[in-house]
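Below is one structure, written out as C-alpha cells; the observations come after it.
What follows draws every value from the coordinates through simple rules; no lab data is involved. All values reported here derive from a predicted model rather than from experimental measurement. Positions of Cβ are backbone-derived with ideal geometry, glycine not excepted, and every protein chain shown enters the neighbour counts.
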Amino acid sequence: MAEIVGAYFTSHVPAIGGAIHRGDQQTPYWKPFFDGFPKVHEWLAKVKPDVAVVFSNDHGLNFFLDKMPTFAVGAAAEYRNADEGWGLPLYKPFKGHAELSWHIIEQLVDGEFDVTICQEMLVDHAISIPFELAYPEAKEWPVKLVPIGINTVQHPLPSAKRCLALGRAVHKALEGWQGDDRIVVIGTGGLSHQLDGKRAGFMNPDYDRFCLDNLASNPDALTQNSIHEIVQLAGTQGVEVLNWIAARGALGPSALEIHRNYHIPISNTAAATLLLEPA
Ligand code: DHB
Ligand code: FE
C-alpha cells in the first residue's frame, strides 16, 4: 500500500539558488531563512519518501501567456531543468513516475477536473529550488517526480476553492493507488509578494500568518477570499499560495503542523517553510 508521509511547503525565490551557489547560507541576510531547513532534512531522513507530488506554477518556461492551462499534470519519464532567465545554474533532472502520473490524470478527469496532460515538461526554479533546499547533498534526487502545475500567472486564475478541491481529488487518487510508494506532497511559491506594478515590493505578514495558522487545521478558511481578494491580500505573485492550498488538499482530511519558519524578506518575498504530517 502506498503511504502519504506528509507535506513540505516552501517559497521558491530564484535568489535562493544564487545564495546556495555562492555558499551564502550562513550570512546574516540568508541565515534566518536557511535555519528553517535542518528540521526539513531530519524529517525527510525519517519519513523517507520515494515519490514527490509537487504543486507549483510554471514561470514562462513551458507555458506562456498565449497558451496557459489552468491545471497541468506531467506524465513524463524524465523532467529536465532549464532557467527561464534568472542566470541560475542548471539543476539535476528528475526521474518521473509516469504510471502514477497517468493514474492521477485518469482519476482527476474521471472526477471532472479537465487537466492538461503533459508528456513533456521542463522544471523551473519553482521545483528545482525547493529540492536543492530539501536535499542539499544529493548527487541525484532520491524521489521520483509527479509535477502538477497551477496557473498563478495569466488571469483568469482558478479560485482557492477549486485548487483545494483539486488537491482533495489528488488525495483520493493517491489513496486508490496500488503501488507501495512513500509519497511526499509538496507545495511551492508564496507567501506574499508582488514583483511588479505600483505595489512592487508589497508583502503582508498578517495575511501570511492567517494562511499559515489555518493551513493544517482549517484549510477551507483559505478559500473564503475570491482570487481577486487574494491578489489584494497576498500580492500579484503571492497568489502562488494556491499551490500550497492544493498541496494541503492532497495531504488528506486532517493534518498536524510539525515545523514552521517565516522570514521577511528574501528578495521581494515573505518566505515561509512548513512541514505537515497526516494527523
Ligand atoms: C521572486 C519570487 C518568486 O516567487 C519568483 O518566482 C521569482 C522571483 C522574488 O522574490 O525575487
Ligand atoms: Fe514564483
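The table that follows gives values for the structure above.
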| item | result |
| --- | --- |
| Exposed trypsin sites (Lys or Arg not before Pro) absent: longest stretch of the chain, with sites in DSSP loops and at most 12 other Cβ within 10 Å deemed exposed | 199-279 |
| Unit Cα scatterers, Debye sum, the stretch 1-62: log10 I(q)/I(0) for q = 0.15, 0.26, 0.28 Å⁻¹ | -0.65, -1.17, -1.21 |
| Amide proton proximity set for GLY189, modelled H, under 5 Å, gap of 5+ | THR10, SER11, HIS12 |
| Approximate shape of the stretch 1-126 as ellipsoid semi-axes (Cα gyration tensor, √5λ), whole Å, largest first | 28, 21, 12 |
| Cα-based Rg and Dmax for the stretch 164-240, where Dmax is the largest Cα-Cα distance (Å) | 15.3, 50 |
| Amide H partners (placed H, <5 Å) of ILE266, local residues excluded | ALA271 |
| Selection from PHE63, PRO38, GLY87, by position along the positive dipole direction of the stretch 25-138 (Cβ) | PRO38 |
| Partner aspartates and glutamates for LYS198 [C-alpha distance under 20 Å; skip if fewer than 8 residues away on the same chain] | GLU229, GLU240 |
| For the chain, calculated [θ]222 nm from helices alone, where every DSSP H run of n ≥ 4 adds -39500 (n - 2.57) | -10000 deg cm²/dmol |
| Cα centroid separation - the stretch 54-96 against the stretch 154-184, whole Å | 18 |
| Förster-model FRET efficiency, 25 Å R0, ARG199 and ASP114, C-beta, rounded to 0.05 | 0.15 |
| Reach of LYS48 by Cα under 25 Å, taken over lysines that are not fewer than 8 positions away in the same chain | LYS39, LYS92, LYS95, LYS139, LYS144, LYS172 |
| The chain: antiparallel DSSP beta bridges as a percent of all, rounded to 5 | 45 |
| Computed log₁₀ I(q)/I(0) - Debye formula, equal Cα scatterers, no solvent, the chain, q 0.16 Å⁻¹ | -1.29 |
